[in-house]
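**Q** Here it is, the structure in full.
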Amino acid sequence: MEIGGQSRVEGRLEEISEYGCLISSGNLLTPGTGLRLVLNMCDVSIALRGHVRYTAESRAMGVEFQEIRQGDRPLLDYVLNQLRKPRTEDFADLEVITAHLAAAAG
């Protein structure tokens, strides 16, 4: 994130929608602060402008998107669709053993 084009704040993207996002950070910004976000997700880069709407529990801030470049709107839709899909890498590998339990115990 860039604030006023000069300072940077690092954080973790916790939630995202077409209207805004929730970012956890050790350096929270004051509600009303304007910022520019560049999201690099799902092999695309999306530039957004927004402002901090609220802070939550001294650990996260809600950002409302105010401006997105016209060409970036389809990219944001793409990212949101990708995030909605279940990912196979979220599941553990499984080995199935067909031997009887008695034989395995003996």
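The values are calculated or read from the model by the stated rules, or taken from the named source; none is laboratory data. What you see is a predicted model; the values in this text were computed from it and never measured. All Cβ positions, even for glycine, are placed from backbone atoms using ideal geometry, and neighbour counts span all protein chains on display. Please note that ligands, DNA and RNA were not included when accessible areas were found on the heavy atoms of the full protein model with its side chains. Shrake-Rupley method; radii C 1.70, N 1.55, O 1.52, S 1.80 Å.
**Q** Residues of segment 12-82: accessible area per residue at 1.4 Å, in Å²? Mind showing how you got there, number by number?
**A** Numbers: 4260 Å² over 71 residues.
Spelled out: the 1.4 Å probe surface of segment 12-82, per residue, equals 60 Å².
**Q** Can I ask one more? What is the local net charge at D72, summed over the other residues whose Cβ is closer than 15 Å to its Cβ (Lys, Arg +1; Asp, Glu -1)? Please list the in-between numbers first.
**A** Working: positive: R36, R49, R69, R73; negative: E18, D43, E67, D77.
Net local charge, D72 excluded: 0.
**Q** On a full-extension model of 0.36 nm per residue, what is the gain between V44 and E57, subtracting their alpha-carbon distance, rounded to one decimal in nm?
**A** On the way: separation 13, 0.36 × 13 = 4.68 nm, distance 3.10 nm.
The span from V44 to E57 would gain 1.6 nm if fully extended.
**Q** Can you list the HN-Hα couplings for segment 8-21, worked out from phi with the Karplus curve (6.51, -1.76, 1.60; θ = phi - 60°), rounded to whole Hz and with x for Gly and Pro?
**A** Listing the rounded values in order: 10, 10, 9, x, 10, 6, 9, 9, 8, 9, 6, 9, x, 8 Hz.
**Q** To continue, here is another question. Leaving ligands and nucleic acids out of the surface, order C21, C42 by accessible area at 1.4 Å, largest first. Numbers along the way, then the final one.
**A** Working: C21 10, C42 45 Å².
From most exposed to least exposed: C42, C21.
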